[in-house]
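The values are calculated or read from the model by the stated rules, or taken from the named source; none is laboratory data. These numbers come from a predicted model, not from an experiment. FYI the Cβ positions are ideal-geometry reconstructions off the backbone, even for glycines, and counts take in every protein chain you see.
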Amino acid sequence: MQLVKRGTQFALAMSGIAKATWGTTFQHVKRLYTAVVRPRTQYAAIVWHRPGDNSSPAQTQIKALTTVQRQAMKTMIGTFRTASTQTLQNETQTTPVHLSLENQILKSFTRMQTAPPTHPISRWLNRARQCQAASATLPTTFPSNLEYLIKRYPQYSNPDTPIEIIRPHIVPPWWEKPFSIHIDDSKEEAIKRHQEKTAQDATNTSLISVYTDGSEIENEVGAAAYSPSTSTIVHYHLGNGKYANVFAAELVAIKLAMTIFDRSPNHDALTAYVDSQSALRALCAPGRQSGQYILAEILAAMEGIRGTSPTSTLQLEWVPSHMGIQGNEAADAEAKKAARDKLRHMQLPLHKLKAAQVTEINRHTTQSSRAQWIARRTSMPRGNKAGIQIYGELTRKQATTLARLRTGHCGLNSYLHRFNIIEDPACDCGHKFETVQHYLLDCKNYKAPRDKLRMKVGCRNMRLQKLLGSTRYIKHMLQYVEETGRFNPQPEEHR
Ligand SMILES: [Zn+2]
């Protein structure tokens, strides 16, 4: 099977890296795995894998990829082969294979749904949807992978609110902005410019100024535009965080500003004060991105305005948020109100944002991984910290020592005895079992280094949970290990 072959290849490559990069830190090896090896072994997973399927091909695939991942995790922290996969996952905070596969597949599935109707993928998707609907009455023997996904993940296949369509281009290459724009380099400059501009504009009765803002509160997303010139406020509720995000709300708010201008016939100039640089930059170069359909709505509104009154000018200005600019603060409050009270003062086609769905998928993956780490915590409890928080700052040798002590799979006699490598679990000092606890906290052979350690960390922190779980004490604990010389030379893997 192709997958197993590829998996094995990478497992070998990783163990090669393990040998060649003894000086490489945890962070680097982890990044190498998640950024290079994993994407390659899971390439085009949507074609060959069915997440959550208990049948044999899916399980075999997970098993093969777990072997690769195990090798990579062992490389990250240098633990013995006896450490369980679960322990390695907890220590390195690596997402289990079945969850990272599911994550990747759901993202591909999401991307497919954003394809324009003319794209071949859209036709496949529609066919799968129809087959899936038909299979409710007439069970199909061999559902396609897409049918399977539609059935298993209805929350990500959007039968109610369709996901946005993202096109390759929404403006032609010769496009010229139908508006002018100004973004200052610093908040101070922007504030100064805003002051000057509003003072100057105060006398211009044909000009409308509008402040826009988007906001998320209590998982609801709202947008608002507020015009002090005409005392108008327009609200728009975009839905909850599963459908929208603040970026989209900022864009919708700009669209609302166009609506205010459109409704004020005696004016021919608009200045919109926007506090989102990313929204402004997206408008200047509308590309292939989530929220594209709102960009298109704004541009259409602008073209409409320019069409009916060609002399009108549209100016977009960046103002910093939370800097006491009155109009901006008012717009912010109104956007929150739109979100909280679900106010919708205009019509806009409403689509689920691709970015919001991706965020949702990632959240689901993180939560599931964390639930697993907690449910199957195999090593002793020591708070929730692991992975980069614990190993990030350490040299490779230190990380290895720490990982071995944390997992209990180390060169101490009780471990060697447990795995039938030596006969006697006793410590040299005469104590019955040489455990991690005994070695670090009790053994009378290391009284002097331990006194030193206690001086540094304080009596009440002489506990395994602190010494092995808190970055503040880990370095002192490692110093202790060094001074005891107990692991010199660092024991090699026992076979
Ligand atoms: Zn002892």
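Scanning the stretch 278-324 for residues being within 17 Å of Val246 (Cα to Cα) and in a strand (DSSP E or B) gives a total of 1. Applying the criterion of at least 2 residues that are within 16 Å of the ligand (Cβ to nearest atom), assigned by TED's automatic domain parsing to the domain that holds Arg463 and farther than 20 Å from Glu483 by Cα to the helices (runs of 4 or more DSSP H) found wholly in the stretch 381-453 leaves 413-418.
Would it be correct to say that Val171 is surrounded by 11 or more Cβ atoms within 10 Å (Cβ to Cβ) and either outside any strand (DSSP E or B) or outside the structural domain of Trp318 (by TED's automatic domain parsing) (or both)? Here the answer is yes, as Val171 does meet what is asked.
Listed here are the helices (runs of 4 or more DSSP H) enclosed by the stretch 59-134 that have at least 1 residues being farther than 15 Å from Leu146 by Cβ: 85-92, 97-113.
Listed by first and then second residue, the pairs linking a residue in the stretch 429-444 that is among the basic types (Lys, Arg) to a residue that is more than 10 Å from the ligand (Cβ to nearest atom) and not in a helix (DSSP H, G or I), with Cβ atoms under 9 Å apart and 6 or more places separating them unless they lie on different chains, are Lys432/Pro425. In a residue-by-residue description of the stretch 455-462, the property of being under 40 Å from the mean Cα position of the chain (by Cα) and either in contact (Cβ under 8 Å) with a residue 40 or more places away in the chain or within 14 Å of the ligand (Cβ to nearest atom) (or both) applies to no position.
Take the conditions among the hydroxyl-bearing types (Ser, Thr, Tyr), within 30 Å of Ala115 (Cβ to Cβ) and surrounded by fewer than 22 Cβ atoms within 10 Å (Cβ to Cβ) and apply them to Ser229. Does it pass? In short, no. I'd like the full set of residues that are surrounded by fewer than 21 Cβ atoms within 10 Å (Cβ to Cβ) and more than 17 Å from Thr34 (Cβ to Cβ), limited to the stretch 79-94. Answer for the stretch 79-94, where residues must be surrounded by fewer than 21 Cβ atoms within 10 Å (Cβ to Cβ) and more than 17 Å from Thr34 (Cβ to Cβ): Phe80, Arg81, Thr82, Ser84, Gln86. Scanning the stretch 269-288 for residues that are touching a Leu at 6+ places or on another chain (Cβ under 8 Å) and closer than 19 Å to Asn204 by Cβ yields Ala269, Leu270, Thr271, Ala272. Taking (1) surrounded by fewer than 17 Cβ atoms within 10 Å (Cβ to Cβ); (2) in contact (Cβ under 8 Å) with a residue 12 or more places away in the chain in turn, Thr400 satisfies each apart from (1). For the stretch 412-434, filtering for residues that are surrounded by fewer than 20 Cβ atoms within 10 Å (Cβ to Cβ) and within 41 Å of the chain's Cα centre (by Cα) leaves 3. Across the stretch 44-69, the qualifying residues are those that are of a type in the set (A, V, I, L, M, F, W, C) and surrounded by 13 or more Cβ atoms within 10 Å (Cβ to Cβ), and the one among them that is nearest to Leu32 (Cα to Cα) is Val68.
Of all residues in the stretch 367-378, none satisfies being assigned to a strand (DSSP E or B), buried (at least 17 other Cβ atoms within 10 Å of the Cβ) and touching a helix residue (DSSP H, G or I) at 6+ places or on another chain (Cβ under 8 Å).
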